[in-house]
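Okay, so here's the structure we're looking at.
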Amino acid sequence: ASFPLLCFRSALVTPLIFGLLLQAPGTQHSTVTQPNFVLLLADDLGIGDVGCYGNDTIRTPNIDGLAEEGVRLTQHIAAAPLCTPSRAAFLTGRYPLRSGMDAINDYRVIFWNAGSGGLPPNETTFAKILQNQGYTTGLIGKWHQGVNCESRNDHCHHPLKHGFDYFYGMPFTLISDCEPTETPEMDRAFRRKLWLSTQVIGLITLTAVLGRLTGLISVHWKTLTCLAGFSLLFFISWFSSYGFVRHWNCIMMRNHEITEQPMVTDRTTSLILRESISFIERNKHKPFLLFLSFLHSHTPLLTTEKFLGKSRHGLYGDNVEEMDWMVGQVLDAIDKEGLKDTTLVYFASDHGGWLERQEGERQLGGWNGIYRGGKAMGGWEGGIRVPGIFRWPGVLPAGKVIDEPTSLMDIYPTVVHLAGGTVPQDRVVDGRDLLPLLRGAAARSEHEFLFHYCGAHLHAVRWHHKDTGAVWKAHYVTPIFSPPGAGACYDRGFCPCFGEGVTHHEPPLLFELSQDPSEAKPLSADTEPLFDTVIRRIGRAIEEHRRTLTPVPEQLSVSNVVWKPWLQPCCGTFPFCWCDKEDDN
């Protein structure tokens, strides 16, 4: 061959050989620079609700297919057992306590679109960093991180202020109040007390008026007028918010514009799916991030006719199977556009299934498999251990299972690094880059300790011993199940984080999760020679962790979560808020 041709061949072959030498074991070709990201996050889905995690009554072929083509994590942990704090941690890579998104009171999530609390503007989400890296970023579905701060249209907590170029979905969360035929869900016990108080005050007022008219009671009409006025004001003060939950909270938005108030639930699923596929099609020629935040499988379990009665697990199973179908439609859109090999797909749930969510004989919450506890329980595995699946053909090995402790917070540095960005250096980031573990370049998780909070209260700590691989877990506080012997707080509807509904343990309950993942047999100094050593080491880790915490404004304080009419998103002139722009279209 001629010298120029030989040089040309060398120029082609040398980089190819060099690239092959650099690639990680088990992969077929080198890492794509700036891959697309499709992050799929279910709502209230239990780890036991998915086929590849052991469920044999609910069909989830598309989610199972992701696991077959990618990596399945069996110890994937949410940073909180409820929506708002867990999602704040997911978006920022930080324990929600660091951003003020965990509560010291019983109001552990954002309660109103018209509250003033939310993800602070000074927090940097992965979407914001990817936006700066040239990505087009979109959020479709649930937000639940707040809307406004001081005025109806300041949108200080809105997705578009947190790095998303496009938003379509619910700024709040799906609740049973959104469905007119369902029993109201939001603050149900408190609402009963308000109704009872209103009836008592009304009865006292009526009795006083009748007594005055019949001469049985000597009371001035002025006093009766004041009493009647107080009764009316008391009723208006709470009914103006709780009486119109569907109008105030159940709304759909496109960017800053309200498209439905209240939302028309019959078409919500099809609209969210249409928007997700459309986002992929519009941005196929440039790097994009799609965060599809499902409304499934939160009550009231909106399920289309096509899937009703089709599962072997009632309405909840129908709803999960519909979500799996939606996952399949999104994956098909990725394939159709030729993006499969350049797209990292991730599937998870924001926390464990809601065991206590029942209506009569109907179980409307999820199942957490062999793991104890569920939603709202910050320490028990059932509240925080969730599905975690990654797929990236050619880069991540297919069919791999990893039993190392990982966190939803790890998505933050993983996505940022793959996009060519830098994790913020001016704050503590608790997540760890998962790519070395996922590709097989690292055998152990970078997490030595994970701290499990219930609200702002530390309930448990997990210690991953790097040398032995043992995973110790110490519980300092656990909820008191009710009725006694039950596996959840059925009498309350939610397990509390503090007060009379919890037990403090001294010494703490200790489990070795690699031997006892169900947390059924607590160890003691008599049964475990390393008991004292483990407890002391975890105690030192707690002290070190607390030194990294700095005071921040409480986003979920009572003053921030109450309904404020001047902050209410409104399609129209407040209080006449109503529109259906999807129907107009």
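Compute, for ARG188, the solvent-accessible surface of its heavy atoms (probe 1.4 Å) with the complete set of protein chains present, and express it in square angstrom to the nearest 10.
Its accessible surface works out to 70 Å², give or take rounding.
What does the charge count near PRO180 come to, summing +1 for each Lys or Arg and -1 for each Asp or Glu among other residues with Cβ under 12 Å from its Cβ? If you can, show how the numbers build up before the last one.
On the way: positive: ARG246; negative: ASP177, GLU179, GLU182, ASP266.
Residues close to PRO180 contribute a combined charge of -3.
Please compute, for the alpha-carbon atoms of the chain, the extent along each of the three principal axes and give them in descending order in Å.
For the chain, the Cα spread along each principal axis is 120, 69, 50 Å.
Between beta-carbons, use under 13 Å as the cut-off and find the net charge around THR137, counting Lys and Arg +1, Asp and Glu -1.
+3
For SER176, SER514, write out the residues from largest to smallest accessible area, computed with a 1.4 angstrom probe and no ligands counted.
So the residues, ranked largest to smallest area, are SER514, SER176.
Taking amide hydrogens as modeled 1.01 Å from N in the peptide plane, which residues meet the under 5 Å criterion relative to GLN75, leaving out close sequence neighbours?
Result for GLN75 returns GLU404, THR406.
Dividing the Cα convex hull volume of segment 188-242 by residue count, how many Å³ per residue is that?
Taking only Cα atoms, segment 188-242 has a hull volume of 58 Å³ per residue.
Return the long-range amide H neighbours of TRP143 (sequence gap of 5 or more, or a different chain), with a cut-off of under 5 Å between placed amide H atoms.
Close amide H contacts, sequence-distant or interchain: MET170, PHE172.
Grab the eigenvalues of the alpha-carbon gyration tensor for segment 386-440, scale each by 5, take roots, and send me the semi-axes largest first in whole angstrom.
22, 14, 8
Quick one: what are the phi-derived ³J(HN,Hα) couplings along segment 57-72, Karplus 6.51/-1.76/1.60 with θ = phi - 60°, whole Hz, x for glycine and proline?
10, 10, 8, 10, x, 6, 5, 4, x, 4, 5, 5, 8, x, 10, 10
³J(HN,Hα) across segment 303-312 via Karplus (A = 6.51, B = -1.76, C = 1.60, θ = phi - 60°), whole Hz, x for Gly/Pro?
Ordered by residue, 3J(HN,Hα) equals 9, 6, 3, 4, 10, 5, x, 9, 8, 9 Hz.
Quick check of the Kirkwood formula: for segment 113-255, what is the inverse mean of 1/r over all pairs of different Cα atoms, in Å?
Mean inverse Cα-Cα distance, inverted, gives 18.6 Å.
Can you give the log10 of the normalised intensity I(q)/I(0) at q = 0.11, 0.14, 0.22 Å⁻¹, computed with Debye over equal Cα scatterers of segment 230-365?
Taking Cα atoms of segment 230-365 as identical point scatterers yields -0.55, -0.83, -1.37.
Please list, in order along segment 266-278, the HN-Hα scalar couplings obtained from phi with the Karplus expression 6.51 cos²θ - 1.76 cosθ + 1.60 (θ = phi - 60°), rounded to whole Hz, x for Gly and Pro.
These are the phi-based 3J(HN,Hα) values: 5, 10, 4, 4, 5, 5, 5, 5, 4, 5, 5, 5, 4 Hz.
Using every Cα-Cα pair within segment 142-207, state what percent have a distance larger than 16 Å.
65 percent
DSSP beta bridges in the chain, what fraction antiparallel, as a percent rounded to 5? Write down the numbers at each step before the final one.
On the way: 39 of 68 bridges.
That works out to approximately 55 percent antiparallel.
Where only protein heavy atoms count, and the probe is 1.4 Å, what is the accessible area per residue for the chain in Å²?
Working: 24250 Å² over 585 residues.
Using a 1.4 Å probe on heavy atoms only, each residue of the chain averages 41 Å².
What are the residues whose amide H is under 5 Å from the amide H of THR60, where those residues sit 5 or more places off or on another chain and H is modelled from the backbone?
Amide H neighbours of THR60: GLY51.
Distances over 16 Å make up what percent of all Cα-Cα pairs in segment 39-88? Don't skip to the end; give the middle numbers.
Working: 553 of 1225 pairs.
Value for segment 39-88 (Cα pairs over 16 Å): 45 percent.
Hey, got the dipole for the chain? About the Cα centre, +1 on K and R Cβ, -1 on D and E Cβ, debye to the nearest 20? Don't skip to the end; give the middle numbers.
Numbers: 52 positive and 62 negative charges, 189 e Å.
So the magnitude is around 900 debye.
On a C-alpha basis, how far is the centre of segment 268-327 from the centre of segment 81-131 in Å? Whole number, if you could?
Segment 268-327 and segment 81-131 have Cα centres separated by 24 Å.
Would you work out which of PRO300, ALA376, GLN363 lies farthest towards the positive end of the dipole of the chain? Charges go on Cβ: Lys and Arg +1, Asp and Glu -1.
Farthest along the dipole direction, towards plus: ALA376.
Of all accessible surface on segment 188-242 at a 1.4 Å probe, what whole percent is carbon and sulfur? Intermediate values should be presented prior to the final figure.
On the way: 2950 of 3940 Å².
C and S atoms contribute 75 percent here.
Given the options TRP472, LEU227, LEU434, identify the residue whose Cα lies farthest towards the positive end of the charge dipole of the chain (+1 on Cβ of Lys, Arg; -1 on Cβ of Asp, Glu).
LEU227
Less than 9 Å Cβ to Cβ from ARG372, Lys/Arg counted +1 and Asp/Glu -1: what total charge do the surrounding residues give? Could you put the intermediate results ahead of the total?
Working: positive: none; negative: GLU381, GLU519.
Net charge around ARG372: -2.
The values are calculated or read from the model by the stated rules, or taken from the named source; none is laboratory data. What you are looking at is a predicted structure, and each value in this text was computed from that prediction instead of being measured. For neighbour counting, all protein chains shown are included, and Cβ atoms are generated from backbone atoms with ideal geometry for every residue, glycine included. Just so you know, the surface numbers come from the protein's heavy atoms only, side chains and all, with ligands and any DNA or RNA stripped out. Shrake-Rupley method; radii C 1.70, N 1.55, O 1.52, S 1.80 Å.
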